[in-house]
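One structure below.
The values are calculated or read from the model by the stated rules, or taken from the named source; none is laboratory data. Please read these numbers as outputs of a predicted model, since none were measured by experiment. Note that we place each Cβ from the backbone using ideal geometry, even for glycine, and neighbour counts take in every protein chain shown.
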C-alpha cells in the first residue's frame, strides 16, 4: 500500500506526494481541472490551445522546454475533455527547477498577441493533420455529435471545427486562462526519493504567493436519457469499412463504472477475449476490434470499434457484436474468465504505477476525484465486480434503444448499407 502525503496551501493549491526510494529521477505533475467540457459551443478548442501556450514562456522563463532540458529533464502535456495535465521528469537533485518553472508559468504566463497567433496556427495545422487529412480522422466528431445533444462532451478536445479554432480571439484565450489556470484549480503531485518536508517547503516557497482566483461554477447541461437507437452512415476515402458503436454509461464516480470496465475487458482485453477470439480469429469478420470505456468524469460512453474484413456488411457486423454482448448473459462467464481479467487489471495497474511519472499523474487524478488515497482501493473496487453486476448492467444499458452506431464506409466498397 502506498504511503501518500497531502497538504493544501492557503491559495488552494493541493499537494500530493509519495516517496519512492532508490531512484535518481523524480516526477512532477501539475493537473489543472479544466478540459474541453469547460468550453462553450462558440469557443471550442480553448483548453487544447492553452496547453500549447503553457510552453511559450513566462515572466522569468523565455523557453520552458529548454530550461527543463538544461536540468537534464523531460516534459510534456496533454488535454482531454476533463483535465489538462503537465508532467516533468528530472534528476531529484534538480527538483527545485521544476517548482520554479511550474510556478512561473502558473503565475505569469506569456499571453501576448504574437504567442497566441503563433500557437493558434500550430493548432490549426494539427487539426488539419489529425481530422481532415488522417483516415477516420473525423470519426470522433461524428460519434460524439450523435451520442451527445446537450453536454459539451459532444465536441472533441481539439475543437468542434477548424473555423471555430481560427475564430478564437485573444480575449477568449486570456479569459479562459484567467478562469482556470489558478492554484485553486490545480493539483501538484511529486513522486521520487524526496521527503515530504522538502516538497512542502518548496511548494510553499514557489507557489505560496501565487494569487488564487474564483473558479467558474460548473453547471453543465445533463444529457436526457436516450430513448431510441441513433445511427448515421458516412462515406470516406479510407482503407476499409469500420463500425463504431457506443452505449451511454455513468461517469467516473458512478457505482457501475468498474462493471463497465470489466465488461470491456471480458470482450476484448487479450487474444482469448470473447470478441477478439470469436469475431477476429474464428469468424474472420473483423481484422481488428476493440471494446473500451472513455473514463470521463461526467456520464460517458462504452465504445466498440471494429475494422471489417472485405465482404462483411454492416448489418452482419453489428448483429454479431450484439450477439457477443448478449452471450455474456447466456454463455456463463467462467471463474477462469473472471480471474483472468481481474488478475490482468491488477497486474497492469500495479505495473503502471511503478513508473514515477505514471504514479505522479495517478495521485493527482485520484486527488481530483476526492482523495489521492483512493489509489490504494482501486484494485479492490474492480475485483468486487460480480457476474450478477455484469448481467444487470448488460440488461439495463446494452440495448438497441440505448445505442449509437456510426457506419464508416470506404468509398471504394460496393456495400450500399
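In the range 235-250, is there at least one residue being touching a helix residue (DSSP H, G or I) at 6+ places or on another chain (Cβ under 9 Å), in a loop (DSSP other than H, G, I, E, B), surrounded by fewer than 21 Cβ atoms within 10 Å (Cβ to Cβ) and not assigned by TED's automatic domain parsing to the domain that holds residue 16?
yes
Just one of (1) surrounded by 14 or more Cβ atoms within 10 Å (Cβ to Cβ); (2) out of contact with any strand residue (DSSP E or B) (no Cβ under 8 Å at 6 or more places or on another chain) trips up residue 199, so point out which.
Unmet condition: (2).
Yes or no: the range 180-192 includes at least one residue that is over 24 Å from the mean Cα position of the chain (by Cα), surrounded by fewer than 20 Cβ atoms within 10 Å (Cβ to Cβ) and in the same structural domain as residue 24 (by TED's automatic domain parsing). Reasoning before the result, please.
Initial filter on the range 180-192 (over 24 Å from the mean Cα position of the chain (by Cα)): 192.
From what's left, surrounded by fewer than 20 Cβ atoms within 10 Å (Cβ to Cβ): none.
No, the range 180-192 contains no residue that is over 24 Å from the mean Cα position of the chain (by Cα), surrounded by fewer than 20 Cβ atoms within 10 Å (Cβ to Cβ) and in the same structural domain as residue 24 (by TED's automatic domain parsing).
Just give me the residues in the range 72-96 being surrounded by fewer than 20 Cβ atoms within 10 Å (Cβ to Cβ) and not in a strand (DSSP E or B), in sequence order. Before the answer, list the steps.
First pass over the range 72-96, keeping only residues surrounded by fewer than 20 Cβ atoms within 10 Å (Cβ to Cβ): 72, 74, 76-78, 80, 91-94, 96.
Result: 72, 80, 92, 93, 94, 96.
Select from the range 132-153 the residues that are surrounded by 19 or more Cβ atoms within 10 Å (Cβ to Cβ) and assigned to a helix (DSSP H, G or I) and list them in ascending order.
Of everything in the range 132-153, those that are surrounded by 19 or more Cβ atoms within 10 Å (Cβ to Cβ) and assigned to a helix (DSSP H, G or I) turn out to be 139, 143, 144, 147, 152, 153.
With respect to residue 406, determine if the residue is assigned by TED's automatic domain parsing to the domain that holds residue 333 and touching a strand residue (DSSP E or B) at 6+ places or on another chain (Cβ under 8 Å).
yes
Consider residue 77 carefully, then state whether it is closer than 19 Å to residue 185 by Cα and without any contact (Cβ under 8 Å) to a residue 60 or more places away in the chain.
Working: closer than 19 Å to residue 185 by Cα: yes; without any contact (Cβ under 8 Å) to a residue 60 or more places away in the chain: yes.
Considered against the rule, which asks whether it is closer than 19 Å to residue 185 by Cα and without any contact (Cβ under 8 Å) to a residue 60 or more places away in the chain, residue 77 comes out as yes.
Quick check on the range 26-46. Is at least one of its residues at positive phi, surrounded by 19 or more Cβ atoms within 10 Å (Cβ to Cβ), at pLDDT 95 or above and in contact with a helix residue (DSSP H, G or I) (Cβ under 9 Å, 6 or more places away or on another chain)?
Initially, the range 26-46 is screened for residues at positive phi, giving 45.
The next check asks that each one be surrounded by 19 or more Cβ atoms within 10 Å (Cβ to Cβ); those that pass are 45.
Add one more test, that the residue is at pLDDT 95 or above, and what stays is 45.
So of that shortlist, the ones also in contact with a helix residue (DSSP H, G or I) (Cβ under 9 Å, 6 or more places away or on another chain) come out as 45.
Checking the range 26-46: at least one residue is at positive phi, surrounded by 19 or more Cβ atoms within 10 Å (Cβ to Cβ), at pLDDT 95 or above and in contact with a helix residue (DSSP H, G or I) (Cβ under 9 Å, 6 or more places away or on another chain).
Out of everything in the range 325-339 that is touching a residue at least 12 places away in the same chain (Cβ under 8 Å) and assigned to a helix (DSSP H, G or I), what residue ends up being nearest to residue 1 (Cα to Cα)?
338
Considering each of 124, 68, 61 in turn, give the residue that is out of contact with any helix residue (DSSP H, G or I) (no Cβ under 6 Å at 6 or more places or on another chain), surrounded by 14 or more Cβ atoms within 10 Å (Cβ to Cβ) and in the same structural domain as residue 33 (by TED's automatic domain parsing).
On the way: 124 fails: out of contact with any helix residue (DSSP H, G or I) (no Cβ under 6 Å at 6 or more places or on another chain); 61 fails: out of contact with any helix residue (DSSP H, G or I) (no Cβ under 6 Å at 6 or more places or on another chain).
Criteria check complete, one pass: 68.
Conditions first: (1) under 30 Å from residue 298 (Cβ atoms); (2) outside any strand (DSSP E or B). Residue 99 passes all but one, so which condition is the exception?
(1)
What are the pairs with Cβ atoms under 7 angstrom where one residue, in the range 351-367, is free of Cβ contacts under 8 Å to residues at least 24 places away in the same chain and the other, located anywhere, is surrounded by fewer than 22 Cβ atoms within 10 Å (Cβ to Cβ) and not in a helix (DSSP H, G or I)? Sequence gap at least six, or different chains.
The qualifying pairs are 362/353.
Quick check on this structure: which one of 222, 200 is over 24 Å from the mean Cα position of the chain (by Cα) and either touching a residue at least 12 places away in the same chain (Cβ under 8 Å) or assigned by TED's automatic domain parsing to the domain that holds residue 400 (or both)?
Values: 222 fails: over 24 Å from the mean Cα position of the chain (by Cα).
Result of the check over 222, 200: 200.
Determine which member of the set 41, 121 is free of Cβ contacts under 8 Å to residues at least 24 places away in the same chain and under 26 Å from residue 175 (Cβ atoms). Walk me through how you get there before you give the answer.
Numbers: 41 fails: free of Cβ contacts under 8 Å to residues at least 24 places away in the same chain.
On inspection, the qualifying residue turns out to be 121.
If you go through the range 252-270 one residue at a time, do you hit one that is in contact (Cβ under 8 Å) with a residue 12 or more places away in the chain and over 27 Å from residue 144 (Cβ atoms)?
Checked against the condition, which is being in contact (Cβ under 8 Å) with a residue 12 or more places away in the chain and over 27 Å from residue 144 (Cβ atoms), the range 252-270 yields at least one hit.
If a residue has to be closer than 30 Å to residue 224 by Cβ and in a loop (DSSP other than H, G, I, E, B) to count, how many in the range 387-415 make the cut? Outline the logic, then answer.
The first filter runs over the range 387-415 and keeps only residues closer than 30 Å to residue 224 by Cβ, leaving 388-409.
Checking the rest, the ones that are also in a loop (DSSP other than H, G, I, E, B) come to 398-399, 403.
Count: 3.
Considering each residue of the range 313-324, count those that are in contact (Cβ under 8 Å) with a residue 60 or more places away in the chain, buried (at least 19 other Cβ atoms within 10 Å of the Cβ) and touching a helix residue (DSSP H, G or I) at 6+ places or on another chain (Cβ under 9 Å), and give that number. Give the steps one after another, and end with the answer.
We begin by selecting, within the range 313-324, every residue in contact (Cβ under 8 Å) with a residue 60 or more places away in the chain; these are 313-315, 317-318, 321-322.
In the following step, the residues that additionally are buried (at least 19 other Cβ atoms within 10 Å of the Cβ) were identified as 314, 317-318, 321.
In the following step, the residues that additionally are touching a helix residue (DSSP H, G or I) at 6+ places or on another chain (Cβ under 9 Å) were identified as 317, 321.
Residues that pass the stated criteria total 2.
Identify, by number, the condition in (1) surrounded by fewer than 21 Cβ atoms within 10 Å (Cβ to Cβ); (2) farther than 26 Å from residue 191 by Cβ that residue 341 doesn't meet.
The one condition residue 341 does not meet is (1).
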